[in-house]
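Everything below concerns the one structure shown next.
The values are calculated or read from the model by the stated rules, or taken from the named source; none is laboratory data. Here the structure is a predicted model, which means the values were calculated and not measured. Positions of Cβ are backbone-derived with ideal geometry, glycine not excepted, and every protein chain shown enters the neighbour counts.
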Amino acid sequence: MSRITLTDVSRAYGQVKVLHDINLDIQDGELIVFVGPSGCGKSTLLRLIAGLDRPTGGTITINGQDVTRVAAADRGLAMVFQSYALYPHMSVRQNLAFGLENARMPKPEIEQRIAEAARMLEIEPYLDRRPGQLSGGQRQRVAIGRAIVRNPTAFLLDEPLSNLDAELRISTRAELAALHERLSATMIYVTHDQIEAMTLADRIVVLRAGRIEQVGTPLDLYNKPANLFVAGFIGAPRMNFLPVAVFPGGRGATIGIRPQHLRRATDGEPTLKAKVTLIEQLGSETVVHGDADGHRLLAVLPGQQGLKTGEEVALAYGQENLHVFDENGLRTD
């Protein structure tokens with residue numbers, strides 16, 4: 001278990017500043033997700049916490065102890081990489097045991113830890129196989145198991161699901177969530193996938209260009225994004241952004257509304273009118289791409305709507321679902 005605090009942490013490579021004055025308090029037992037576009041600094045921040053890199057400025061503490069200059073091996077953390085980083089010539093059992101043997105842990109304790117991790121991750125049938133004989137999902141479980149057997153103060157996971165296919169990502173994501181609940185361990189998880197962030201996180205840290213844009217629970221960020229960037233990044237499909245003139249009675253520089261919050265209009269409702277440019281029929285729902293006075297508009301409507309490309313559709317919305325941003329892109333309410 002661990003509480004990790006970052007105070008004014010920055011990182012520069014020569015004249016290029018990658019991270020700017022990061023302040024963050026990660027609570028004991030929390031699963032926190034760093035999310036943002038490629039190059040935003042999320043993996044660099046994880047490496048600083050791990051001790052694989054050192055900050056240019058600021059401090060990092062674990063349970064109140066300053067570890068800013070402490071070597072990675074002495075921080076009590078375990079890291080899981082997207083590449084699995086397993087030894088191909090060793091069996092699963094040997095991969096799990098390797099770090100513990102190097103630490104000269106007694107053999108009975110090693111065997112007990114391996115048995116517990118294998119049972120927890122359901123990899124007991126694979127203990128005598130080599131990584132090359134396993135599927136991607138099984139190898140990822142082994143990589144996670146290698147972290148678990150170390151009984152670390154915190155787990156650091158760097159895009160651990162990015163090499164898996166879509167279906168396996170969903171099931172492994174659920175397994176990770178269940179694992180966190182069982183272990184009650186502090187986990188820091190890096191991803192560029194905002195759906196992973198929404199479904200896994202206790203709190204999400206949204207990064208852009210080396211700065212924190214917003215920190216909050218998934219629903220905090222979804223319901224009250226602090227600015228246009230967070231509003232556009234969190235939620236799928238992304239939020240519609242339209243100038244105020246498109247909305248009857250609207251106020252503010254830009255108004256946002258999520259595609260799921262639009263519906264076919266009935267008489268007397270405030271509406272947006274759009275020319276349909278593309279229809280995606282998904283069976284249970286219909287994704288409508290439209291043009292509203294020269295602005296892109298996306299609506300996710302329930303069921304099968306019978307719309308056609310080129311026709312005009314009137315879409316209604318509730319005032320409570322509108323997000324208003326000022327001329328600087330900041331939320332106004």
Determine if the range 85-97 includes at least one residue that is modelled with pLDDT of 90 or more and under 20 Å from Arg182 (Cβ atoms). yes
Can you find, within the range 115-139, the residue that is surrounded by the fewest Cβ atoms within 10 Å (Cβ to Cβ) among those that are under 24 Å from the mean Cα position of the chain (by Cα) and either in a helix (DSSP H, G or I) or of a type in the set (D, E, K, R) (or both)? Gly136
Unmet criterion (only one of (1) at pLDDT 90 or above; (2) under 29 Å from the mean Cα position of the chain (by Cα)) for Ala292: (2)
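Return yes or no: is Arg75 surrounded by 13 or more Cβ atoms within 10 Å (Cβ to Cβ), charged (D, E, K, R) and within 25 Å of the chain's Cα centre (by Cα)?
Considered against the rule, which asks whether it is surrounded by 13 or more Cβ atoms within 10 Å (Cβ to Cβ), charged (D, E, K, R) and within 25 Å of the chain's Cα centre (by Cα), Arg75 comes out as yes.
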Among the residues of the range 309-333, the number that are at pLDDT below 90 and of a type in the set (Lys, Arg) is 0
Which residue, of Asn163, Asn151, is in the same structural domain as Met187 (by TED's automatic domain parsing) and modelled with pLDDT under 85? Asn163
So, first residue within 16 Å of Ala226 (Cα to Cα) and touching a residue at least 40 places away in the same chain (Cβ under 8 Å) in the range 196-210, second residue assigned to a helix (DSSP H, G or I) and among the small types (Gly, Ala, Ser), Cβ within less than 8 Å, six or more apart or across chains; the pairs are Ile204/Ala197
Any idea which residue in the range 140-164 is surrounded by the most Cβ atoms within 10 Å (Cβ to Cβ), counting only those that are over 21 Å from the mean Cα position of the chain (by Cα) and basic (Lys, Arg)? Arg146
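Each row is one residue, and each column tells you yes or no for (1) without any contact (Cβ under 8 Å) to a residue 40 or more places away in the chain; (2) of a type in the set (A, V, I, L, M); (3) at positive phi.
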| position | (1), (2), (3) |
| --- | --- |
| Leu219 | yes, yes, no |
| Gly235 | no, no, yes |
| Pro243 | no, no, no |
| Thr286 | yes, no, no |
| Asp291 | yes, no, no |
Strands (runs of 3 or more DSSP E) within the range 1-114 that include 2 or more residues in the same structural domain as Ala185 (by TED's automatic domain parsing) and closer than 30 Å to Gln133 by Cβ: 77-80
If we keep only residues of the range 213-236 that are in contact with an Asp or Glu (Cβ under 9 Å, 6 or more places away or on another chain) and β-branched (Val, Ile, Thr), then the residue surrounded by the most Cβ atoms within 10 Å (Cβ to Cβ) is Val230
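Which of the residues that make up the range 304-333 are β-branched (Val, Ile, Thr) and closer than 15 Å to Val276 by Cα?
Thr309, Val313
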